[in-house]
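Asker: Take a look at this one; I'll ask things after.
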Amino acid sequence: MVRVTNSTTPCADVVLPCLDEAAALPWVLARIPAGWRAIVVDNGSTDGSATVARAHGATVVHEPRRGFGAACHAGLLAAEADIVCFCDCDASLDPGLLTSFVRTVAEGGADLVLGRRRPQERGAWPMHARLGNIALTRMLRRRTGLTLGDLGPLRAARREPLLALGLTDRRSGYPLQMVVRAADAGWRIEEREVPYRPRTGKSKVTGTWRGTWHAVRDMRAVLRQPPVAHDLAAATRAAR
């Protein structure tokens, strides 16, 4: 499905994995570009997040399996637009920034566009989370040759090629597996800086050393996986 907001930027679906983000959702959903569809994937919230999301015009998908990857993939499966974006819904990132990402993908300038987070305030990105990210980007470079500065959640790509990657991780390794398999498939991956704000509420993953360690462990397991040749060949064809 291809929808257009204006003459230069096609519409997209924005997947927003959600676990108890009722306080942040109004800010996030108010910044979804006009004509785009916000897909809030409720991953077991107990704070009324789903009700808040619906009240602000979002499509709500329920994913009972806990895990960031499970929520992201449920949103990808529910998406209908040709281009799908991903964004955290904790108000740390502005989904309005995705318009330039989508334009680049639509015009064929890149197959996957990623946001490189730049903290705007002290405490926006805890040191332990930043160190874990640095370690992972170095391991990613050794594994794929990519010289990325971040594995941030703000990203955009075409839906069918993403599905053809055959992503299987349903925990914290999902964003990294997407990048690794895209690189193995020969995708053109672009990174651009985006402002990163302090999140609303408490982080479920990178807010603690323990959470960060679990995320790093999941992602290291992804980096040890060999390329899946048949899936990647299909993904390469779909991306072009």
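The values are calculated or read from the model by the stated rules, or taken from the named source; none is laboratory data. No experiment lies behind these values; they were computed from the predicted model shown. Every residue, glycine among them, receives a Cβ derived from its backbone with ideal geometry; neighbour counts consider all protein chains shown. Accessible surface is based on the protein model in full, side chains and every heavy atom, while ligands, DNA and RNA are left aside. Shrake-Rupley method; radii C 1.70, N 1.55, O 1.52, S 1.80 Å.
Asker: Find all pairs meeting these conditions: Cβ atoms under 6 angstrom apart; at least six residues apart or on different chains; first residue within the range 30-49 and part of a loop (DSSP other than H, G, I, E, B); second residue hydroxyl-bearing (Ser, Thr, Tyr) and open to solvent by 20 Å² or more (accessible area, probe 1.4 Å).
Answerer: Filtered contacts from the range 30-49: 33/99; 34/5; 35/5.
Asker: Report the residue count in the range 99-123 for those that are open to solvent by less than 40 Å² (accessible area, probe 1.4 Å), touching a residue at least 40 places away in the same chain (Cβ under 8 Å) and not in a helix (DSSP H, G or I).
Answerer: The total comes to 7.
Asker: Within the range 147-162, how many residues turn out to be in contact with a Leu (Cβ under 8 Å, 6 or more places away or on another chain) and over 13 Å from residue 112 (Cα atoms)? Explain how you work it out, then say what you get.
Answerer: Residues of the range 147-162 in contact with a Leu (Cβ under 8 Å, 6 or more places away or on another chain): 148, 150-157, 159, 162.
Still in the list and also over 13 Å from residue 112 (Cα atoms): 150.
Looking only at that region, the number is 1.
Asker: Shifting gears a bit: Looking at 79, 91, 70 in this structure, which one is open to solvent by less than 10 Å² (accessible area, probe 1.4 Å) and on the phi > 0 side of the Ramachandran plot? Explain how you work it out, then say what you get.
Answerer: On the way: 79 fails: on the phi > 0 side of the Ramachandran plot; 70 fails: on the phi > 0 side of the Ramachandran plot.
One residue alone meets the criteria, 91.
Asker: Same structure, new question: Only one of 150, 169 is within 24 Å of residue 14 (Cβ to Cβ), among the charged types (D, E, K, R) and open to solvent by less than 20 Å² (accessible area, probe 1.4 Å). Can you tell me which? Can you show your working first?
Answerer: Details: 169 fails: open to solvent by less than 20 Å² (accessible area, probe 1.4 Å).
The unique qualifying residue is 150.
Asker: Given the conditions (1) free of Cβ contacts under 8 Å to residues at least 24 places away in the same chain; (2) part of a loop (DSSP other than H, G, I, E, B); (3) touching a strand residue (DSSP E or B) at 6+ places or on another chain (Cβ under 9 Å), report the number of the one that residue 54 does not fulfil.
Answerer: (2)
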